[in-house]
Amino acid sequence: MNTSVAKDTIQTITTHYIAGAFVESHGGEVVDIIRPTDRAIIGRVTLADEEDTRLAIAAARRAFPSYSQSSKEERTHILRRLHAATSARVDDLTTAMVEEYGGVVQFSRLIVQAGINAFQAAEIALQDIPLESSWGTTSVTQEAVGVAGLITAWNANALFICLKLASAVAAGCTVVIKPSELCSLQTRVLLEALHAADLPKGLLNVVIGRGDVVGAELVRHPDVDKISFTGSVAVGQHIMREGAATMKRVTLELGGKSPTIVLDDADLGQAIPSALIMAFLNSGQACAAGTRLLVPNSRLDEVKLITKDVMRAFAVGNPADPKTAVGPMVSLNQYERVQSYIHKGIAEGAEVLVGGPGHPQGFEAGYFVKPTVFVNVKNAMTIAQEEIFGPVLSIIAYDTDEDAIQIANDSKYGLHAAVIGTDLPRARRVATQLRAGRVVINNMADDPQAPWGGFKHSGVGREYGRYGIEAYLEPRAILEAKGVF
């Protein structure tokens, strides 16, 4: 595929954000920012190197002693300023996500708003966390863990940055953020908003660069005390191994292969559209996407018919159009990855009910994939076990509730799951047996105070609410002896 130059003005980014200022990059590698709808160049970014990263770490380290001693009230005021500053840029942040990432506009706005709301949610959660407690002659304080390295993924840039930043700020940590270089335009808009919040210098530092350069320096540097990472299992495992040398605290959110169980008492006319929305969330580029749909064998034929009918409404197209349900993949690499899994599914004997290999007709210019639904899928197949991160759904038949629970749990992942049925006590009984960090009943639901994170290979630790803030705190006990030896 050839990359064309857009008629639009090409944005150029040559700075990082260090100690409260936009600083010219020491690193010299320049990469193109490609619009995924038509493969046009819409920007160029100069990537950070190890020296940029060390400067950012040093700025965060200098700011830490003072900021870590800040009061709840001071942190609350900062969280409010961050919320106000980012709220003023909702439209700009949404536009940047649609343009650079190809996120469909309705979902992009939800993602941006969720990120902005994280500051408000952290403020609320902070009030419920006792930073000091005592009994007898013992006192315990919750101390900020130190400088936090925050490494974020490309599929929900504003959400990940704001969520991690909000928790770290509430805990009293200073931060160095490494966003994905695929999100450089989005990050620039967000940085302008964060800069307007007038933060203490060094509290927030952002360097855009590659994981094997900037990310690696954050993980090995002795002045970084914690890493919070969202991304792949392989990189998460590497962070755990390399971070052990300096005893890094880690929070890892590493994706999923989420099951949606449709019980045999479900109203399929409501259940299937709900399940498909969860499957094709963010064009399938979502760690919570319900990409395994477990349905009763006794109702499999009904499920197929309804699925084929409902899928006609999942329009592929321009992500800026509110009618579009599925946009492009973020990059050529991601497009090719998804295509390879569709071919694997066919090779392993799964049947294509909807979609299939190749571009949707009329969308050959960009990284568009046909929304694809497989049936006759066995849970041992590659497409049912590996995270594809694209609009590909596997329908798997089961016989009993126990069978469905066993299939759902037969995965190395355990991030998210869903249960759909009309008997709510029964649905809850099934939900309590699923090995997943978050389980929703009957539809996608959210609570910014509920923990987010996974069992098994889906990660270590939790984010959101007090659970996310506590991940940046260390308890310190001071015990006063009753006598002198």
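Only the coordinates and a few stated rules stand behind these numbers; no lab work does. In this text the structure is predicted, and so the values were computed from the model without any measurement. We place every Cβ from the backbone using ideal geometry, glycine too, and count neighbours over all the protein chains shown.
Structure notes:
- The alpha carbon centroids of the range 448-485 and the range 341-400 are separated by 40 Å.
- Remark: the range 18-28, residue by residue, has Karplus-estimated 3J(HN,Hα) of 9, 6, x, 9, 7, 10, 4, 5, 6, x, x Hz, where x stands for each Gly or Pro and the curve is 6.51 cos²θ - 1.76 cosθ + 1.60 at θ = phi - 60°.
- Separation in nanometres of the label points that stand 7 Å from Cα toward Cβ, at Glu192 and Arg241: 4.2
- Rounded to the nearest 20 debye, the dipole size of the range 259-456 about its Cα centre is 360 debye, using +1 on the Cβ of Lys and Arg and -1 on the Cβ of Asp and Glu.
- Residue (of Pro328, Val392, Phe374) at the positive-pole extreme of the range 259-456, dipole from beta-carbon charges: Pro328
- Förster-model FRET efficiency, 45 Å R0, Asn409 and Ser133, C-beta, rounded to 0.05: 0.75
- Alpha-carbon centroids, the range 289-315 and the range 232-264: separation in whole Å: 29
- Under 29 Å from the Cα of Lys344 - lysines, other chains or at least 8 residues apart: Lys257, Lys304, Lys308, Lys370, Lys378, Lys412, Lys456
- For the range 256-267, the Karplus equation 6.51 cos²θ - 1.76 cosθ + 1.60, evaluated at θ = phi - 60°, returns couplings of x, 9, 6, x, 10, 9, 9, 6, 6, 9, 5, 7 Hz by residue, with Gly and Pro reported as x.
- Antiparallel DSSP beta bridges within the range 259-456, as percent of all bridges there, nearest 5: 20
- Highest-first arrangement of 317-330, 132-145, where packing means the average Cβ count within 10 Å: 317-330, 132-145
- Under-5 Å amide H pairs with Met381, H placed in peptide plane, nonlocal only: none
- For the range 53-94 versus the range 173-227, the spacing of their alpha-carbon centroids is 12 Å.
- Estimated from helical segments only, the mean residue ellipticity of the chain at 222 nm is -11000 deg cm²/dmol, where each DSSP H run of four or more residues counts as -39500 (n - 2.57).
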